[in-house]
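Peer 1: Supplied in C-alpha cells, the structure appears directly below.
What follows draws every value from the coordinates through simple rules; no lab data is involved. Bear in mind that the values here come from a model prediction, so they are computed numbers and not experimental data. Virtual Cβ from ideal backbone geometry, glycine too; neighbours counted across all protein chains shown.
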Amino acid sequence: MGNIREEIEKRILVLDGAMGTMLQRYDFSEEDFRGTRFKDYPSSLKGNNDLLSLTQPEAIAEVHRLYFEAGADIIETNTFSGTTIAMADYQMEDLVYELNFESAKIAKQVANKFTLENPDQPRFVAGSIGPTNKTASMSPDVNRPEYRAITFEELRVAYKEQVEALIDGGVDVLLVETIFDTLNAKAALFAIEQVKEERQVDIPIMVSGTITDASGRTLSGQTVEAFLTSISHVPLLSVGFNCALGAEQLQPYLQRLSHESEFYISAHPNAGLPNAFGEYDQSAEQMKALVESYLKDGLVNIIGGCCGTNPEHIKAISEVARHYQPRQINVEV
C-alpha cells in the first residue's frame, strides 16, 4: 500500500485542508450531531465535530474523498479533540477510544480506495492529535502564576489512549499538531514512544507547532529554534508549523526551521488571516501564489492547509507542488 518514508523522498506530499471549514458547509443541527444513538444525551453536543465520526460518518468520509480528489496525498483523521481532556466539555470521556478508532477506520477505508485506483500515488492517513484545551506550562489564572490546570502525567495518560486507538484504527502516521505549549507536545510524544515500545511498532511521527503572532514565538514563549530543540530528541518524520498565520506571515519562520532542522519540513498555513468576522477570505489562487514561494525556496516536503482552506485550496496547492522538487536533507531521518 505504499510507504510514506519512501514517498516523501520522491516528491512533495500534499496534506489536506481544514475539516472544520468543510463541516460548516453541512450546517448540522443539534439533532444531526446527536443522531439516534445520542438522542437523549444530557448535555448539548453541537460543535463536537469529532462525534460526527459516529453520528454522521458518511459526511466525514465525503470530506476525506473531496480532499483526495483535490490531490491530497495525506488526510487527517477527524480527531483533533479526541482526548478525554477535550471531551470532558461534552461529558464524553468514555467515548474517546471509539471516536479515534472509528475516525481512523473511516479515513483509512477512503485512502485504501484511492490507492487501489492509482497505486502510483499511494494515499496516507495521519492521526490528528490536537493540543487539548489545557496548557501544562502556563497558568490560566493571572492571579495564581504557579497554578496549572493539567499535569504532564494527566496529558500522557490521555494521549496514550488516543494514540492506541488511532494505531488500532489503521493510521499510517501520527500528527501532533497545532502545538501552542511544547510541554503538552512532549507529553504526547512521550506517550507515542511508550506505545511504540510496548507494541514494537515503528509508526512515523509528524510534529507541527503554532507561531501565535508577529513575535515569532509559540504561546508558551518559544522561538522557532527553541521549539525545534525541545522536540528533536524524538526521531521524527517531519517538523513544521500550522494554523495561526497565513502562508505569507509563516514564511520567515519556515525558513529558519528549514535551515536548522535535520527532519523533513511540513507546513499547513491558514487561508490568510481572519477578517473582522473571523472568516478567511484568501482565495485558492492567492494561497497558491504564496505557497509557490515556499516551493521555489525549497523549504518544504509536506504542504497543506489549515483554517479556512477547502478542496479548492488543496487542488491549487497540489497543482503547483507537482512542478517542484522536495526540500533536500543530508542527514538520514
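Peer 1: Have a look at the DSSP beta bridges in the chain and tell me what percent are antiparallel, nearest 5. Intermediate results must be reported in sequence, preceding the final value.
Peer 2: On the way: 1 of 27 bridges.
Approximately 5 percent, going by the DSSP bridge assignments.
Peer 1: Pull up all non-local amide H partners of residue 124: gap of 5 or more, or a different chain, and H-to-H distance under 5 Å with H placed in the peptide plane.
Peer 2: Those lying under 5 Å, H to H, from residue 124 are 74, 75.
Peer 1: Once you've got the Cα coordinates, tell me which of 105/134; 39/134; 108/288; 160/196; 288/315 are over 19 Å apart.
Peer 2: Pairs exceeding the cut-off: 105/134; 39/134; 108/288.
Peer 1: For segment 157-211, compute Rg over Rh where Rg is the Cα radius of gyration and Rh is the Kirkwood radius from the inverse mean 1/r over Cα pairs.
Peer 2: Details: Rg = 10.8 Å, Rh = 11.4 Å.
A ratio of 0.95.
Peer 1: Separate question: Might you report the magnitude of the Cβ-based charge dipole of segment 1-159 about its Cα centre, with Lys and Arg at +1 and Asp and Glu at -1, to the nearest 20 debye?
Peer 2: On the way: 17 positive and 26 negative charges, 35 e Å.
For this selection, approximately 160 debye.
Peer 1: Then there's this: When the Karplus curve 6.51 cos²θ - 1.76 cosθ + 1.60 is applied with θ = phi - 60°, which whole-Hz ³J(HN,Hα) does each residue of segment 213-220 get, with x for Gly and Pro?
Peer 2: Ordered by residue, 3J(HN,Hα) equals 7, 5, 5, x, 10, 6, 4, 7 Hz.
Peer 1: Compute the distance in nm between two label points, each set 7 Å from the Cα along the Cα-to-Cβ direction, one at residue 139 and one at residue 26.
Peer 2: Placing both labels 7 Å along Cα→Cβ, they lie 4.2 nm apart.
Peer 1: Helix-only estimate, please: 222 nm mean residue ellipticity of the chain, summing -39500 (n - 2.57) across DSSP H runs of length 4 or more and dividing by its residues, to the nearest 500.
Peer 2: On the way: 13 runs with 143 residues, N = 333.
Result for the chain, helices only: -13000 deg cm²/dmol.
Peer 1: Is any helix in the chain, taking whole DSSP H runs, at least 30 angstrom long along its axis by alpha carbon and on average at least -1.0 on the Kyte-Doolittle scale, and which ones?
Peer 2: Working: long enough: 96-117 (32 Å, -0.18).
Span-like helices, by this rule, are 96-117.
Peer 1: Can you list residues whose amide H is under 5 Å from residue 240's amide H, if they're 5+ apart or on another chain and H is modeled 1.01 Å from N?
Peer 2: 207, 208, 209, 266
Peer 1: Assuming 0.36 nm per residue, please report the length gained on full extension of the stretch residue 323 to residue 46 beyond their Cα-Cα distance. List each step's numbers first, then the result.
Peer 2: Values: separation 277, 0.36 × 277 = 99.72 nm, distance 4.18 nm.
Gain on extension, residue 323 to residue 46, equals 95.5 nm.
Peer 1: Do you know the relative contact order of the chain, to the nearest whole percent, from alpha carbon pairs under 8 angstrom that are 6+ apart?
Peer 2: Numbers: 676 pairs, mean separation 64.4, N = 333.
It rounds to 19 percent for the chain.
Peer 1: Using each residue's phi in segment 2-17, evaluate 6.51 cos²θ - 1.76 cosθ + 1.60 at θ = phi - 60° and report the 3J(HN,Hα) Karplus result to the nearest Hz, with x for Gly and Pro.
Peer 2: x, 10, 5, 5, 6, 5, 5, 7, 8, 7, 6, 8, 9, 8, 6, x
Peer 1: Checking a compactness column here: for segment 191-333, what do you get for Rg(Cα) / (2.2 N^0.38 Å), N being the number of residues? Write down the numbers at each step before the final one.
Peer 2: On the way: Rg = 15.6 Å, N = 143, 2.2 N^0.38 = 14.5 Å.
Normalised Cα radius of gyration, segment 191-333: 1.08.
Peer 1: Here's another thing I want to ask about it. Taking the alpha-carbon centroid of each part, what is the distance from segment 293-333 to segment 85-120 in angstrom?
Peer 2: Rounded to whole Å, the Cα centres lie 25 Å apart.
Peer 1: Apply the Karplus curve 6.51 cos²θ - 1.76 cosθ + 1.60, θ = phi - 60°, to the phi angles in segment 262-279 and return the couplings in whole Hz, x for Gly and Pro.
Peer 2: Calculated HN-Hα couplings, in order: 9, 9, 5, 10, 10, 8, 9, x, 6, 7, x, 9, x, 7, 4, 9, x, 9 Hz.
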